[in-house]
1. With label points built 7 Å along Cα→Cβ from the Cα atoms of Asp164 and Ala138, find their separation and express it in nm.
2. Would you kindly state how much longer the chain becomes between Lys331 and Lys274 on full extension, computed as 0.36 nm times their sequence separation minus their alpha carbon distance, in nm to one decimal?
3. Tell me, Kirkwood radius of the stretch 205-342 from alpha-carbon pair distances, in Å?
4. Can you tell me the relative contact order of the chain? Whole percent, Cα pairs under 8 Å, sequence separation 6 or more.
5. Give me the Å³ per residue figure for the convex hull around the C-alpha atoms of the stretch 57-98.
6. Testing the spin-label approximation: label points 7 Å from Cα along Cα→Cβ at Phe53 and Lys121. State their distance in nm.
7. So, in Å, what gap is there between the alpha-carbon centers of the stretch 99-126 and the stretch 272-292?
8. Return the FRET efficiency for the residue pair Ser36, Asp114: r is the Cβ-Cβ distance, R0 is 35 Å, and the value is rounded to the nearest 0.05.
Amino acid sequence: MHISSIRTSFLVTSFVMMGIPTLFSQDFPSVKLIQSVDLPGYSGDFDHFAVDFDRNRLLLAAEDHGTLEVFDLKTSAHLRTIDGFGNPHSILVRKGSPTVLVTDSEKQGATLRDADTYDKKKSVLLTPGSDTSKYDAAANVLYVVTGGKDVDMKTANLEAVNPDTGATLGSITFQDNHVEAMAFVDEDPRLFINLTQTNKIAVVDRKSLKLLATWPVTPAKQNAMVAFDPDQHRLYVVCRDPGTVVVMNSDTGSVVDTQPAPLRSDEVQYDRDKHRLYVPGGEGYMGIYDTSDADHLKLVEKVNTALGAKTGLLVSSLHRLYLAVSPGDTKATAKVLTYEIE
C-alpha cells in the first residue's frame, strides 16, 4: 500500500474513533473552503439564498433577524443589510427583471421589491405564512407554500403566483399542517412536495394543480427536502428523524435505497450533470453523495463545515457552494461560508 494511503487510513480510523466527521473515498475533498464571512450580532436561523447575476449579488434571507443580507457574488463580501421584513424565507431573482419577490411568513407577507434598491413596490396577496418557493422559468410561475401550523392553520397550500404582478394563478390545499420543500424540472409536468406532518410525498400536476398521488416515506420521519433526477427516475428525499436520504422511484413512489444524512438539515442541492447530491447539516458536516448508480446511493464524503451550517446554495456555473451558518439557540457567530467545488 502507498504510504499516503496508509496515512489516510490511519487518520480516518482515528477520527472515527474520536467521533469527528471525516472524508470518505478520496484523499482530498471535492470542495474547498475559500472564504468565511462573519456576521456578528445575528441570532436565530437563516433560510434560503438567491443569486442575482445581473448585479453580481448573493442574497440571503435572515429569517429570524427579519432582514435580507446582500453579498458580493464573486468575493462573498457583505455589502448591506435590508430591514423591514418579518420572517423572510425565499427570494426569487430573475435575469432581466426589475423586481425580486420575497416570501415572508409574518404579517408583512410576501412582497415585490425593486431589484436595485430593495424598496417595497407592492404586497403579494397570498394566504398567510408564505415560506418556501420554487420558480418555473419556462411558464414564468412561482410556486409558494403557504398556511400551516406556524400561522395556526390545520392545512397548508401550494399557490401559483405570477412573479411580475404578484397575482395568484391557482392553488391546491393539503390536509397537512406542515409542508416543506418541493422539486420539479422543466421537461416533466409533475411537482413533488413534502407533506411533512403526515410523512408523505405529494405528486401534483403543476399546470392544473391537481393531486396525482401521495406516497409514504417509510424509512424515516420529518421529510423536508427533495431533489429530482428525471434521467434516472429518482427522488432524493432528505428526512430529519433520523437524518436520512431516502431514494424513491419517481414513477411509482417505491423506496429504492437509503443512506445516513446530517442531522438538522434544511437544504439539499443537486448537480444533475455530475450526479452529486449535497446535504448540509446543523450538526457541523455536509454529506456529499454519488447518485450515478440509480439503485445504490453512495456517501462519498463527509466534509466538516460548522455547527448550524444547514442551508446552502450550489451555483454550478461559478463552481461555488455557499452555506449559511445559523447561530440558532447558541451564541456562535453567524457566517457565510464559500466553497469551491471541483
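1. Using points 7 Å along Cα→Cβ, the separation is 1.9 nm.
2. 16.8 nm
3. 15.5
4. 13 percent.
5. Once divided by residue count, the hull of the stretch 57-98 is 77 Å³.
6. The two pseudo-label positions are separated by 2.0 nm.
7. 32
8. 0.70
Every number here is computed from the coordinates shown, using simple stated rules; none is lab data. Remember, predicted model here, so these are calculated numbers, not experimental data. Heads up, the Cβs are rebuilt from the backbone with ideal geometry, glycines too, and the neighbour counts pull from every protein chain shown.
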